[in-house]
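Q: First, the structure itself, so that you have it in front of you.
Nothing in this text is a laboratory measurement; each read-out follows from the coordinates by a stated rule. These numbers were taken from a predicted model, which means no experiment stands behind them. Because the Cβ atoms are built from the backbone with ideal geometry, glycine has one as well, and the counts that use them run over all protein chains shown.
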Amino acid sequence: MNANNQKVFKLKGSKTPLKSKLNPNIKIMVWGGVSYLGKTSLTIIQGKLRGDEYHKLLKRKRPEIKSIFSKYKIWYWQHDSAPAHRSLKVKRYIKNWLTKSCLPHPPQSPDLNPIELVWARMKREVESQYPKNKAELLEAIIKSWEQIDMVYIRKCIDNISDKMHKIIEREGNLL
């Protein structure tokens, strides 16, 4: 959360005003899932998310994920090409315990993944609150996740098809 984009103006010859850094270099990793039918609760990740930790997270979240899709036999899982997502153990777990349908996702294509649009919106909302410490940052992240509604999530999902067509028209170039 380093959107330290506030400017300080001073008169020529005067001292620069003392200013505290509003967004210190604090990082909090989170995991959440969205779908047209619902969203998961947010999980705060301690440390770095590696394959084994992601596998454990999916096991803990399985009941919640399955309840979102309880009315459907076939539904699709999508995540990006993060190293933890590429773990064979994770791929097997998703296929055996969540869904057999996992969508391939091209690397470096956040515009084709609805959750990335959600993260971007959350980041803007969190940064606009200028959290000063880890506790404020965590509170802002949780509040932002809770405020993301299904209307917005569905809009993100609905727009993916249009984006795919535009990317194909542009032969894979940036939009």
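Q: Note down the net charge around Leu112, summing +1 for each Lys or Arg and -1 for each Asp or Glu among other residues with Cβ under 10 Å from its Cβ.
A: -2
Q: Next question. For region 29-169, with only Lys/Arg (+1) and Asp/Glu (-1) charged at the beta-carbon, what is the dipole magnitude about the Cα centre, in debye rounded to 20?
A: 820 debye
Q: Sequence-distant or interchain residues sharing an amide H contact under 5 Å with Ile45, placed H: which?
A: Placed amide hydrogens put Met29, Val30, Trp31 under 5 Å from Ile45.
Q: Once label points are set 7 Å from the Cα along Cα→Cβ at both Ser161 and Thr40, what is their separation, rounded to one decimal in nm?
A: Label at Ser161, label at Thr40, 2.7 nm between them.
Q: Only loop residues by DSSP count here, and only those with at most 16 other Cβ atoms within 10 Å; note down the GluC sites (Glu not before Pro) in region 71-175 that meet that.
A: Of the GluC sites (Glu not before Pro), the ones in loops of region 71-175 whose Cβ has at most 16 other Cβ atoms within 10 Å are Glu171.
Q: Among Gly47, Gly33, Gly13, which one shows the biggest mean-square fluctuation in a GNM of the chain, springs joining Cα atoms closer than 10 Å?
A: Gly13
Q: Do the alpha carbons of any pairs in Lys61/Lys143; Lys59/Lys163; Lys71/Lys166; Lys95/Lys134; Lys123/Lys163 sit beyond 28 Å of each other, and which pairs?
A: Beyond 28 Å between Cα atoms: Lys59/Lys163; Lys71/Lys166; Lys95/Lys134.
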